[in-house]
1. How much of the accessible area of the chain, probe 1.4 Å, is carbon plus sulfur, in whole percent?
2. Tabulate in residue order the Karplus-calculated ³J(HN,Hα) for region 187-195, using 6.51 cos²θ - 1.76 cosθ + 1.60 with θ = phi - 60°, rounded to whole Hz; enter x for Gly and Pro.
3. About its Cα centre, how strong a charge dipole does the chain have in debye, to the nearest 20, once Lys and Arg get +1 and Asp and Glu get -1 at the Cβ?
4. From the square roots a ≥ b ≥ c of the eigenvalues of the alpha-carbon gyration tensor of region 124-201, which class results: rounded (a/c under 1.5), prolate (a/b over b/c), or oblate?
5. Past 25 Å, Cα to Cα: identify those pairs from LYS188/LYS257; LYS55/LYS80; LYS224/LYS287, in the order given.
6. Of all the stretches in the chain, which is the longest one without any exposed loop site, taking GluC sites (Glu not before Pro) in a DSSP loop (any state but H, G, I, E, B) with at most 16 other Cβ atoms within 10 Å?
7. Sort SER288, SER98 by heavy-atom solvent-accessible area, probe 1.4 angstrom, most to least.
8. Determine the per residue accessible area of the chain with all protein chains present and a 1.4 angstrom probe, expressed in square angstrom.
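The values are calculated or read from the model by the stated rules, or taken from the named source; none is laboratory data. Remember, predicted model here, so these are calculated numbers, not experimental data. All Cβ positions, even for glycine, are placed from backbone atoms using ideal geometry, and neighbour counts span all protein chains on display. The accessibility values were calculated without ligands, DNA or RNA, using every heavy atom of the protein model including side chains. Shrake-Rupley method; radii C 1.70, N 1.55, O 1.52, S 1.80 Å.
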Amino acid sequence: MTNERIIQIDSIDAYNKLYGWETLHPLVTVVNHAEPMESLNHSRLNYGLYALFLKQGDGCSIRYGREKYDYQEGTVVSFKPGQVVEVEWDESRPMPPSRGLLFHPDLLYGTQLARRINDYTFFDYDQREALHLSEREQHTMVELFDRIEEELQHPIDRHSQTLITDAIGLLLDYCMRYYDRQFITRHKVNSDILTAFNQQLREYFVNGHPERHGLPTVVYFADKACLSPNYFGDLISKESGTTAQRHIQDAVIERSKQLLVETRLPVSEIAYQLGFEYPQHFSRLFKSRTGMTPNEYRLTA
């Protein structure tokens with residue numbers, strides 16, 4: 001039965017104390033999970049930290065929200081502050097070894113990584129959208145963990161923050177590279193998702209959803225694809241070269257042109273049919289995309 005107790009992890013020291021490990025730096029740690037902590041099986045952990053784990057075996061699963069992901073060998077999962085995860089493993093089998101990096105948001109203040117951290121969109125992916133690595137990629141990740149861990153062995157000085165955050169940034173950049181590779185190797189599946197997205201986008205307007213539910217959103221179509229919004233958005237961008245939001249705006253403009261030419265409906269009514277709460281927002285978008293107001297387009301069409 002699932003343990004309802006949520007363990008709050010707001011500091012590196014709090015995480016290390018769960019496992020009886022020494023804290024070498026108050027804001028960052030590299031961990032090596034080799035032995036299971038029976039008391040933590042089926043626990044729910046509320047992370048106040050950024051965390052990234054490389055699992056090097058199977059037999060362990062993690063639940064985030066209602067989704068459950070069973071690890072395969074060479075899987076990377078990541079969390080950001082505010083996420084609650086449930087970890088469980090099959091106690092009849094050895095717990096798979098894993099390496100992990102955890103760092104507190106305070107570590108980033110005043111660094112280049114602070115300005116880039118939101119670019120690492122995989123921190124918002126669901127766990128079923130985890131990263132799968134080849135043996136060579138795993139080796140690179142382990143080397144980077146080792147590099148950060150080696151720096152943590154030195155006494156903290158004025159260079160520590162820069163050296164550590166630069167190394168973390170490099171690790172995260174490699175994760176981005178490997179995710180790009182994963183998107184490419186899954187081209188057929190991703191192409192089908194893009195095709196379904198464009199079809200669902202057309203149907204959204206044909207079926208009159210805008211008047212009932214408002215403008216279509218990336219979240220709506222990500223849910224249709226059973227993907228997280230960030231993963232869905234990245235997939236659409238990499239597959240089509242255009243953001244999911246741009247696809248939506250294109251569909252709005254095309255539908256509005258059709259209504260402007262084929263009907264005599266007032267611009268305000270067209271705006272409402274498209275899902276806009278305020279007609280001026282529609283007119284502003286239309287002019288920014290076409291260089292004309294809706295009425296000007298109607299007169300010249």
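1. Of the solvent-accessible surface of the chain, carbon and sulfur hold 48 percent.
2. Rounded to whole hertz, the list is 4, 4, 5, 5, 5, 5, 5, 4, 4.
3. Here the size comes out at about 1420 debye.
4. On the way: a/c = 4.15, a/b = 2.54, b/c = 1.63.
Judged from the Cα gyration tensor, region 124-201 comes out prolate (a/c at least 1.5, a/b above b/c).
5. Numbers: LYS188/LYS257 33 Å; LYS55/LYS80 18 Å; LYS224/LYS287 30 Å.
Pairs exceeding 25 Å: LYS188/LYS257; LYS224/LYS287.
6. Longest gap between qualifying sites, sites excluded: 92-276.
7. Of SER288, SER98, the descending order of accessible area is SER288, SER98.
8. In whole numbers, the chain has 52 Å² accessible per residue.
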